[in-house]
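Asker: Take this structure, written in structure tokens, and hold onto it; I'll ask about it next.
The values are calculated or read from the model by the stated rules, or taken from the named source; none is laboratory data. Just so it is clear, the structure is predicted and the values come from calculations on it, not from any experiment. Note: ideal-geometry Cβ built from the backbone for every residue, glycine included; neighbour counts use all protein chains shown. Keep in mind that these areas ignore ligands, DNA and RNA; they rest on the heavy atoms of the full protein, side chains included. Shrake-Rupley method; radii C 1.70, N 1.55, O 1.52, S 1.80 Å.
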Amino acid sequence: EYPDICADRLDYQLRTAYIAGLLTLDEVHEIVDHLHFEDDRWFFDDLQVAKNFGVASELLTRYIYAAPYN
């Protein structure tokens, strides 16, 4: 089972992906527009937008958070 995510972690992921050049500002806005919180759960209403967020998160993990220099 995957861990829950909180608003501050979403903010951190989106800001870092933007600063790192993995997402444009328009893409960040699109992700936020398609991201919802209901019944204590975060969810996307668009599969492609969810995938874009997931890919950016995976790249951040691979090349920044878990990079050998870190």
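Asker: Quickly run through region 1-29 and pick out the residues that are open to solvent by 80 Å² or more (accessible area, probe 1.4 Å), in a helix (DSSP H, G or I) and of a type outside the set (S, T, Y).
Answerer: Keep residues of region 1-29 that are open to solvent by 80 Å² or more (accessible area, probe 1.4 Å), which gives 1-4, 8-9, 12, 15, 18-19, 25-26, 29.
Checking which are in a helix (DSSP H, G or I) leaves us with 8-9, 12, 15, 18-19, 25-26, 29.
Scanning region 1-29 gives D8, R9, R15, I19, L25, D26, H29.
Asker: Could you grab me the full set of residues in region 17-37 that are within 17 Å of K51 (Cα to Cα) and β-branched (V, I, T)?
Answerer: T24, V28, I31, V32
Asker: Within region 34-43, is there a residue that is part of a helix (DSSP H, G or I) and either of a type in the set (D, E, K, R) or open to solvent by 70 Å² or more (accessible area, probe 1.4 Å) (or both)?
Answerer: Keep residues of region 34-43 that are part of a helix (DSSP H, G or I), which gives none.
Checked against the condition, which is being part of a helix (DSSP H, G or I) and either of a type in the set (D, E, K, R) or open to solvent by 70 Å² or more (accessible area, probe 1.4 Å) (or both), region 34-43 yields no hits at all.
Asker: Quick one: Y63 ticks every box in (1) outside any strand (DSSP E or B); (2) open to solvent by less than 100 Å² (accessible area, probe 1.4 Å) bar one, so which box is it?
Answerer: Condition not satisfied by Y63: (2).
Asker: Just to be sure I understand, how many residues within region 45-54 are open to solvent by less than 80 Å² (accessible area, probe 1.4 Å) and either without any contact (Cβ under 8 Å) to a residue 12 or more places away in the chain or β-branched (V, I, T) (or both)? Walk me through it before giving the result.
Answerer: The initial filter retains those residues of region 45-54 that are open to solvent by less than 80 Å² (accessible area, probe 1.4 Å), namely 46, 49-50, 52-54.
Next, only the ones that are either without any contact (Cβ under 8 Å) to a residue 12 or more places away in the chain or β-branched (V, I, T) (or both) stay: 49, 54.
Number of matching residues: 2.
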